[in-house]
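Everything on this sheet refers to the single structure shown next.
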Amino acid sequence: MITENQVKICQNCKQQFTIEPEDFDFYEKVEVPAPSWCPECRIKRRMIFMNQRVLYKGTCDLCQKEIISLFDSNTPFPVYCNACWWSDKWDPIDYGQEYDFSQSFFEQFQELYSKVPWPALQTIEPSLVNSEYCNICSYLKNCYLLFNSDYSEDCVYGTYVERSKQCLDNAMIDLCELCYEGTNIQKCFKTMFSSNCWECVDVYFSRNLRGCQNCFGCINLRNKKYFIFNKSYTKDKYFKELEKFKLGSYETVEQLRKKLQELNLTYPKKYMEGLQSKNVSGDYIFFSKNIFQSFEIGGAEDCKFCQFLFISPTKDSYDFTMWGGNATQMYECMGCGGGQNNIRFSYECWSDDTMNLEYCMLSKKSCSDLFGCVALGKKSHCILNKQYDEDSFKKLRTKIIQHTREMPYKDKRGRTYTYGEFLSPDFSVFAYNESFVYEHFPLTKKQALEQGYSWKDLKERGYEVTAEPQDLPDHIKDVQDDILKKVIGCQHQGKCNEQCTTAFKIIPQELQFYKKMNLPLPRFCPNCRHYQRLKQRNPLKLWHRECQCAGGKSDNKVYKNAIKHFHGSNHCPNEFETTYSPKRKEIVYCEKCYQQEVV
Ligand SMILES: [Zn+2]
Ligand SMILES: [Zn+2]
Ligand SMILES: [Zn+2]
Ligand SMILES: [Zn+2]
């Protein structure tokens with residue numbers, strides 16, 4: 001048993017990182033060596049293997065049908081439409097390879113996965129009705145450009161939209177209806193331009209509200225009604241005041257957005273977002289316990305270095321990115337979950353009742369005891385898609401693990417891979433700016449190339465813009481139906497770093513929504529809107545800081561406490577891990593001080 005911290009140098013970024021005794025306990029339990037990459041480099045290494053939202057037009061390599069696909073035409077493996085891929089028209093075991101001890105394991109695995117077909121999209125197709133431009137989704141009806149979303153209807157443009165109806169342009173929402181431009185909104189109705197709201201109705205331009213109704217431009221309120229900029233009004237006065245804001249106007253909306261941003265700096269923020277969790281560090285952690293350095297987690301226990309595990313429960317896992325759902329002892333995995341146990345160095349394994357997989361991708365139906373396999377279903381004891389009996393499997397697996405140490409794989413940048421490491425980013429078929437990593441760790445083209453990643457320049461789309469954004473009617477009431485035929489130029493004109501498509505169209509469903517909700521037309525393309533929303537969220541990084549409550553006021557003297565805190569007139573002694581870097585202007589309070597101020 002190791003009882004002391006061990007400091008290592010990351011093979012990738014060459015920075016120091018610390019492995020703690022509890023980490024060694026976990027590695028020992030799941031029988032893996034300690035990692036040679038730091039936690040952040042490990043997240044990036046996994047995330048580059050996922051393309052969430054860059055879609056291409058293509059053809060199914062089996063039935064020749066036209067498809068919407070995650071893969072560009074130059075992808076090494078065949079791409080099948082989802083119906084063909086899930087069918088019995090082909091058998092992944094036909095791609096089996098004999099293990100070759102003259103070549104490294106990682107190269108052999110790459111060879112295998114370069115020839116086994118992939119499905120065009122990561123969706124459970126029969127569960128999607130009239131929603132073909134969606135990825136990593138299930139159970140959608142009449143949805144468009146929705147990603148990583150489930151059980152929703154009539155929703156357009158969004159990421160992580162769960163169990164919602166008629167919502168447009170949102171990220172991280174659950175059980176919502178008629179919401180617009182929201183981030184981290186749960187159980188809300190008609191909540192617009194707001195973030196971190198819970199159980200709210202008719203709320204506009206607000207942050208961190210809970211159980212509020214008819215609030216406008218408010219921050220940190222609980223169970224309030226008829227408030228404007230944190231001031232109380234009578235019902236009649238509230239609606240009279242509201243009339244003064246021309247909400248259907250783009251100019252007004254932009255002014256209010258700016259005002260909210262300024263206001264936001266004058267109220268304390270809680271050091272992390274989340275709810276009902278115990279003994280946790282990270283951000284957006286809900287109903288969980290013993291979670292460390294993790295982000296966007298719901299209903300999990302005993303996890304560290306994990307991200308985007310909202311489907312509960314997930315237990316006893318490290319370095320697990322996306323989804324969970326009755327998953328235990330997962331390590332260095334991505335896009336796995338649903339009744340899985342003991343999966344390592346694997347991604348996109350979708351089957352229930354699956355266990356003991358290593359270096360596997362795309363498990364189709366329940367599998368167990370696989371090593372280096374692609375797209376297998378209902379199989380066990382296979383290596384490189386070749387079937388063995390249980391005893392031979394065990395012996396060969398042990399020999400291969402030893403072989404990775406004797407003949408490690410060395411990638412383009414001289415990083416070495418032995419058993420215990422996830423795959424080299426060089427193996428990903430996605431360029432840095434098409435992959436999921438780009439959304440959370442953006443780089444410029446120059447930086448990406450310098451760091452050895454590939455980059456894909458957006459294809460010249462040759463859109464003929466028929467309406468410049470500045471020429472659109474300011475107010476929605478002046479918008480005619482012929483707008484549906486227009487190609488609107490994006491205000492960024494492709495000059496941003498946000499996968500700007502340079503132009504966009506308004507779809508009928510969307511126009512109806514804007515009219516009904518009295519909202520102006522957008523001036524940016526859906527991609528730019530998505531990246532703007534991402535920017536409202538803190539990065540997947542933690543800094544150790546102290547509470548900025550100085551006694552009666554915040555450290556910067558901008559915010560005056562409403563009541564006396566537990567630490568009296570002294571500075572609050574609490575410290576924490578937060579996603580607010582020390583350079584940021586927000587006032588960051590510890591849980592206790594924040595709770596005392598939120599009424
Ligand atoms: Zn590193
Ligand atoms: Zn754009
Ligand atoms: Zn404090
Ligand atoms: Zn305080």
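Below, the figures for the structure above:
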| read-out | value |
| --- | --- |
| Residue among CYS373, ILE9, SER554 farthest towards the positive dipole end of the chain, charges placed on Cβ | SER554 |
| Listed residue (LEU242, SER131, ALA171) projecting farthest to the positive dipole end of the chain, Cβ model | LEU242 |
| Packing-based order for 503-515, 585-597, using average beta carbon neighbours within 10 Å, highest first | 585-597, 503-515 |
| Only Lys, Arg (+1) and Asp, Glu (-1) charged, at Cβ; the stretch 469-535 dipole about Cα centre in debye | 220 debye |
| Too-long pairs where the Cα-Cα distance tops 24 Å, listed order kept, from LYS225/LYS557; LYS560/LYS592; LYS269/LYS557; LYS89/LYS378; LYS190/LYS259; LYS44/LYS315 | LYS225/LYS557 |
| Quarter of the Cα convex hull surface for the stretch 517-579, i.e. its orientation-mean projected area (nm²) | 7.6 nm² |
| On Cα atoms only, tilt of 508-517 relative to the major axis of the chain in degrees | 30 degrees |
| Surface share of carbon and sulfur [accessible, 1.4 angstrom probe, percent] for the chain | 48 percent |
| Peptides 427-438, 21-32 ordered by average Cβ neighbours within 10 Å, highest first | 427-438, 21-32 |
| For the chain: rounded, prolate or oblate by the Cα gyration tensor [a/c cutoff 1.5] | oblate |
| Cross-link pairs beyond the 31 Å C-alpha cut-off, checked among LYS187/LYS240; LYS115/LYS535; LYS187/LYS270 | LYS115/LYS535 |
| Largest-first ellipsoid semi-axes for the stretch 169-266, taking √(5λ) over the Cα gyration tensor eigenvalues, angstrom | 18, 16, 13 |
| Computed magnitude of the charge dipole of the chain (debye, nearest 20; Cβ of K, R +1, Cβ of D, E -1) | 2260 debye |
| Positive minus negative residues near SER366 (Lys, Arg vs Asp, Glu; Cβ under 11 Å) | +2 |
| Solvent-accessible area per residue for the chain (1.4 angstrom probe, square angstrom) | 43 Å² |
| Cα lying deepest toward the dipole's positive end in the chain, options GLN509, GLY58, ASN326, charges on Cβ | GLN509 |
| CD proxy at 222 nm, helix term only [per DSSP H run n ≥ 4: -39500 (n - 2.57); per residue of the chain; nearest 500] | -5500 deg cm²/dmol |
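The values are calculated or read from the model by the stated rules, or taken from the named source; none is laboratory data. Small disclaimer: the values here were computed from a predicted structure and weren't measured. Ideal geometry is used to build each Cβ from the backbone, glycine not excepted, and the neighbour counts take in all protein chains shown. Surface accessibility is based on the protein's heavy atoms, side chains included, excluding ligands, DNA and RNA. Shrake-Rupley method; radii C 1.70, N 1.55, O 1.52, S 1.80 Å.
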